[in-house]
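Take a look at the structure below.
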Amino acid sequence: MYCPFCRNADSRVVDSRLVDDGSAIRRRRQCPDCGRRFSTVETTSLSVIKRSGVAEPFSRSKVINGVRKACQGRPVSEDDLAMLAQEVEENIRASGVAEIDAHEVGLAILQPLQRLDQVAYLRFASVYQAFESLEDFETAIRQLREEAARGTALPAGAQRPLSAR
Ligand SMILES: [Zn+2]
């Protein structure tokens, strides 16, 4: 590991600790040449298998690009999208898999997106779960209302659904 300060080709590990509930190791390193310290983070590689069968590294920015369109015109900030992508990655890593189908990444997005914005969720779900009819939308909306009525999926400050007023 090159020293990022002086490009020396060697560094010494001075401390290692588990982070993110054990899904990563953070190492504190010191350059024996210039004496400065820097950190590295080691995680298992997580591959996404595309429909073509090609594997590529999991990418948070691809998750964000995937949901951005569904969030158009909605009160969703770039920070919200970054946090959603982080949650998706943490959930997938927590499940302990080393590779995952691209379609399953889409499914892993559904729940955090539902909490973030219900309209964006419906748009996204209609594509990923291949809604084919109005009934599919009605079913999804009914589920959202039932969860909201139970108080499990309603974000703070969100409006009650019409049926609950
Ligand atoms: Zn150095």
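The values are calculated or read from the model by the stated rules, or taken from the named source; none is laboratory data. Since the structure is predicted, the reported quantities are computational estimates derived from the model, not experimental observations. Every residue, glycine as well, gets a Cβ built from its backbone with ideal geometry; the counts of neighbours run over all protein chains shown. Calculation scope for accessible area: heavy atoms of the full protein, side chains included, ligands and nucleic acids excluded. Shrake-Rupley method; radii C 1.70, N 1.55, O 1.52, S 1.80 Å.
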*Quick one: in the stretch 47-84, which of the residues that are aliphatic (A, V, I, L, M) and under 14 Å from the mean Cα position of the chain (by Cα) is most open to solvent (accessible area, probe 1.4 Å)?*
Met83
*Considering each residue of the stretch 58-94, count those that are over 14 Å from Ile109 (Cβ atoms) and small (Gly, Ala, Ser), and give that number.*
3
_Against the definition (modelled with pLDDT of 95 or more, under 22 Å from Tyr128 (Cβ atoms), outside any helix (DSSP H, G or I) and more than 16 Å from the ligand (Cβ to nearest atom)), how does Arg51 come out, yes or no?_
no
*Is it true that Ser95 is of a type in the set (Ser, Thr, Tyr) and under 22 Å from Ser126 (Cα atoms)?*
no
*Pairs only if they're at least six apart or on different chains, beta carbon under 9 angstrom, first in the stretch 127-150 and at pLDDT 90 or above, second open to solvent by 80 Å² or more (accessible area, probe 1.4 Å); list them, first residue then second.*
Asp136/Gln129; Ala140/Gln129; Arg145/Leu162; Arg145/Ser163
*Matching entry among Thr44, Thr40 (being within 16 Å of the ligand (Cβ to nearest atom) and either within 27 Å of Ala98 (Cα to Cα) or open to solvent by 60 Å² or more (accessible area, probe 1.4 Å) (or both))*: Thr40
*Residues in the stretch 85-108 that are open to solvent by less than 50 Å² (accessible area, probe 1.4 Å), over 23 Å from Phe131 (Cα atoms) and among the hydrophobic types (A, V, I, L, M, F, W, C): how many?*
2
_Answer residue from the stretch 3-31, given it is within 11 Å of the ligand (Cβ to nearest atom) and under 30 Å from the mean Cα position of the chain (by Cα) and is surrounded by the fewest Cβ atoms within 10 Å (Cβ to Cβ) among those_ = Pro4
